[in-house]
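The values are calculated or read from the model by the stated rules, or taken from the named source; none is laboratory data. Because the structure is predicted, anything quoted here is derived from the model rather than measured. We place every Cβ from the backbone using ideal geometry, glycine too, and count neighbours over all the protein chains shown. Surface accessibility is based on the protein's heavy atoms, side chains included, excluding ligands, DNA and RNA. Shrake-Rupley method; radii C 1.70, N 1.55, O 1.52, S 1.80 Å.
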Amino acid sequence: MTAADVLVEALSRGLPGDRLVVDPDALAAISHDDAEWAPAERAAVGVRARSEAEVQHVVRTCAELGTPIVPRGAGTGLSGGANAVGGCVMLDLSQMNQVLEIDADNLVAVVQPGAINNDVKAAVAEHGLWYPPDPASAPWSTIGGNVATNAGGLCCLKYGVTRDYVLGLRAVVGGPVAYGDVVRLGRRTTKGVAGLDLVSLFVGSEGTLGVVTEVTLRLRPARLGTPRTVVGAFADLVTAGQAVAEITRRGLIPAALELLDRACLKAVEDWKHLGIEADAEGLLLARIDTPGDSGAAEAADVAAAMAAAGPMWVEQSTDDAEAEALFDARRLAYPAFERLGPVLTEDVCVPRSKVPVMLEQIKAIAARHGVQIATVAHAGDGNLHPLLVTPPGDEEARRAAQAAFEEFLDAAIALGGTVTGEHGVGILKRDGMRRELDPGSLALQSAVRSTLDPLQIFNPGKG
Ligand SMILES: Cc1cc2nc3c(=O)[nH]c(=O)nc-3n(C[C@H](O)[C@H](O)[C@H](O)COP(=O)(O)OP(=O)(O)OC[C@H]3O[C@@H](n4cnc5c(N)ncnc54)[C@H](O)[C@@H]3O)c2cc1C
């Protein structure tokens with residue numbers, strides 16, 4: 001019997017047969033995320049878990065056999081975090097997708113990890129509530145994946161990231177407790193300081209500390225009224241970056257402040273025909289959701305700050321459909337480029353005042369390496385996503401893009417920024433993270449990981 005046969009037999013002792021994925025094509029399909037450039041090894045088997053008890057069985061079995069476990073939500077990750085490690089179990093949580101409870105009195109929801117972000121939003125909206133974190137992948141990505149990557153999104157400028165909405169978790173862990181035990185972390189009250197903040201430790205841990213099986217989310221009341229949109233068109237991206245810095249300097253905090261370059265607009269338009277004409281190198285989209293007169297004043301202030309940076313034009317959109325089409329274009333930028341060839345997505349984040357300098361450096365680095373880039377950005381957060389697209393099969397272009405990618409990281413670190421604002425370390429940012437963090441911080445991280453997972457079976461080699 002091979003090691004894989006032993007593993008499959010041990011897993012099937014505690015799981016219905018339909019939970020196992022052994023067909024090579026089906027297994028390959030769940031063995032990587034959306035980071036096309038991150039290498040994936042060969043998994044031994046997949047498990048489509050339907051309950052916490054099934055997750056426990058998987059973790060106990062893997063601990064006994066020393067088999068790595070790679071948790072997976074929807075596989076929309078952009079860092080290789082959900083890519084198979086040789087001989088691993090791919091633990092697919094996407095079928096644990098129920099919204100278990102909506103407690104409207106206390107603005108809390110309890111969901112399974114495979115619940116899709118937009119489905120959670122829709123479910124709580126029926127109770128007049130709102131779950132704000134909105135990664136552009138919200139139609140597909142899961143709450144478990146969002147928690148494990150501490151996903152950001154368009155509205156986190158004003159409303160914060162996933163971590164700000166996770167009150168509590170259940171997770172199947174190992175280490176100081178037996179492998180396969182369930183721990184309940186956090187709380188469901190608004191405040192609470194009993195013990196160390198282990199919830200925050202798990203949020204963003206990319207599946208390296210255990211498997212999240214339930215999440216207690218903080219909600220907000222639904223927003224009222226139609227948001228206002230201010231659009232600025234710029235002759236170059238650096239000027240658009242100066243507008244971002246000016247908006248920040250004036251203390252304005254729109255609900256979203258996104259940047260798209262001409263290449264992105266064209267790629268989306270060629271694909272979706274949204275009717276957007278790109279007459280500028282960069283478009284800055286600001287969304288203001290403050291209701292009433294205060295919102296009108298805020299929109300006017302944002303428009304004035306954009307105007308101060310020297311745009312081609314600035315407009316407050318009065319056409320909701322047109323404004324929505326622009327935000328759709330922003331959300332669709334990545335898949336639009338994926339159609340054209342392998343895309344390497346950067347995710348650097350710099351202090352907001354440094355956005356113009358970082359955009360200048362991105363341009364210079366790309367030119368030096370002769371690589372084509374298109375840029376989208378959660379610009380208001382300083383979180384920039386230059387997309388490096390290379391022709392399929394062109395190894396030289398790929399090497400040049402890889403070199404530029406690493407230089408973007410060094411430039412961000414030198415500006416006081418970070419190598420990943422929201423996509424996570426996964427495989428693609430492991431070296432970059434080591435360049436960014438000081439040795440003491442890396443030593444603490446490694447100590448935490450070896451205490452919570454001494455067998456090193458939870459997503460090893462990631463983060
Ligand atoms: C078009 C597009 C747009 C995107 N836009 C954004 C954006 O605006 N903001 C943003 O932050 N990201 C964005 N992303 C990246 C991605 O969607 C997020 O990282 C998302 O949080 C991943 O969720 P997922 O369910 O697909 O997780 P996966 O890709 O399946 O997994 C991500 C990580 O989480 C771990 N994991 C998953 N489930 C669990 C669990 N239950 N327990 C423990 N670990 C787990 C995996 O091991 C892996 O390390 C985008 C991706 C795409 C394709």
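Residue-wise HN-Hα couplings along the range 198-211, as the Karplus relation 6.51 cos²θ - 1.76 cosθ + 1.60 with θ = phi - 60° gives them from phi, are 6, 4, 5, 5, 6, 5, x, 8, 6, x, 8, 10, x, 10 Hz; Gly and Pro carry x.
Would you mind getting me the FRET efficiency between Ser450 and Arg184? Use the beta-carbon distance for r and R0 = 25 Å, nearest 0.05. So the FRET efficiency works out to roughly 0.60. Computed from Cα positions, the angle between helix 237-249 and the longest principal axis of the chain comes to roughly 90 degrees.
Label point of Ala53 set 7 angstrom out along Cα-Cβ; within the range 12-28, amide nitrogens under 16 Å from it belong to 12-19. Think of each Lys and Arg Cβ as +1 and each Asp and Glu Cβ as -1; about the Cα centre, that makes the dipole of the chain roughly 1160 debye. Measuring between their Cα centroids, the range 219-240 and the range 156-199 lie 32 Å from each other. Calculated accessible area for the chain comes out at 41 Å² per residue, all protein chains present (probe 1.4 Å; ligands, DNA, RNA ignored).
In the chain, the alpha-carbon atoms span a convex hull of 149 Å³ per residue.
Over all pairs of different C-alpha atoms in the range 274-398, the reciprocal of the mean inverse distance, the Kirkwood hydrodynamic radius, equals 16.5 Å. Counting 0.36 nm for each residue step from Asp394 to Ile253 and taking away their Cα separation leaves a gain of 46.5 nm.
Computed from backbone phi, the HN-Hα couplings of the range 58-63 come to 4, 5, 4, 5, 5, 5 Hz, rounded to whole numbers (Karplus: 6.51 cos²θ - 1.76 cosθ + 1.60, θ = phi - 60°; Gly and Pro given as x). Beyond 30 Å in Cα-Cα separation lie the following of the pairs Lys272/Lys354; Lys121/Lys191; Lys266/Lys363: Lys272/Lys354.
Assuming charge only on the beta carbon of Lys and Arg (+1) and of Asp and Glu (-1), the dipole of the range 308-463 about its Cα centre is about 600 debye to the nearest 20. Scanning the chain for GluC sites (Glu not before Pro) in DSSP loops with at most 10 other Cβ atoms within 10 Å, what's the longest stretch left with none? Longest gap between qualifying sites, sites excluded: 278-463. Shown is the FRET efficiency for Arg368 and Arg435, computed with R0 = 25 Å from the Cβ-Cβ distance and rounded to the nearest 0.05: 0.85.
Take the Cβ atoms of Ser12 and Ala296, set R0 to 56 Å, and the FRET efficiency comes out at 0.35.
Ranked by the mean number of other Cβ atoms within 10 Å of their residues, highest first, the peptides 187-193, 45-51 come out as 45-51, 187-193. Backbone geometry of the range 17-26 corresponds, through the Karplus equation with coefficients 6.51, -1.76 and 1.60 at θ = phi - 60°, to 3J(HN,Hα) couplings of x, 6, 7, 8, 10, 10, 4, x, 5, 5 Hz, x marking Gly and Pro.
Only lysines eight or more places from Lys462 in sequence, or on another chain, were considered; those with a Cα closer than 24 Å are Lys429. Modelled this way, with points 7 Å down the Cα-to-C-beta line, the labels at Val22 and Glu277 are 6.1 nm from one another. When the helices of the chain are scored as -39500 (n - 2.57) per DSSP H run of n ≥ 4 and the total is divided over every residue, the value at 222 nm lands at -11500 deg cm²/dmol. The C-alpha atoms of the chain define a longest principal axis, and helix 355-369 lies at about 80 degrees to it. Return the carbon/sulfur percentage of the accessible area of the range 386-463, one whole number, probe 1.4 Å, all protein chains in place. That fraction is 56 percent. For the range 34-147, the share of DSSP beta bridges that are antiparallel, to the nearest 5, is 40%. Between the helical axis of 320-338 and the longest alpha-carbon principal axis of the chain there is an angle of about 50 degrees.
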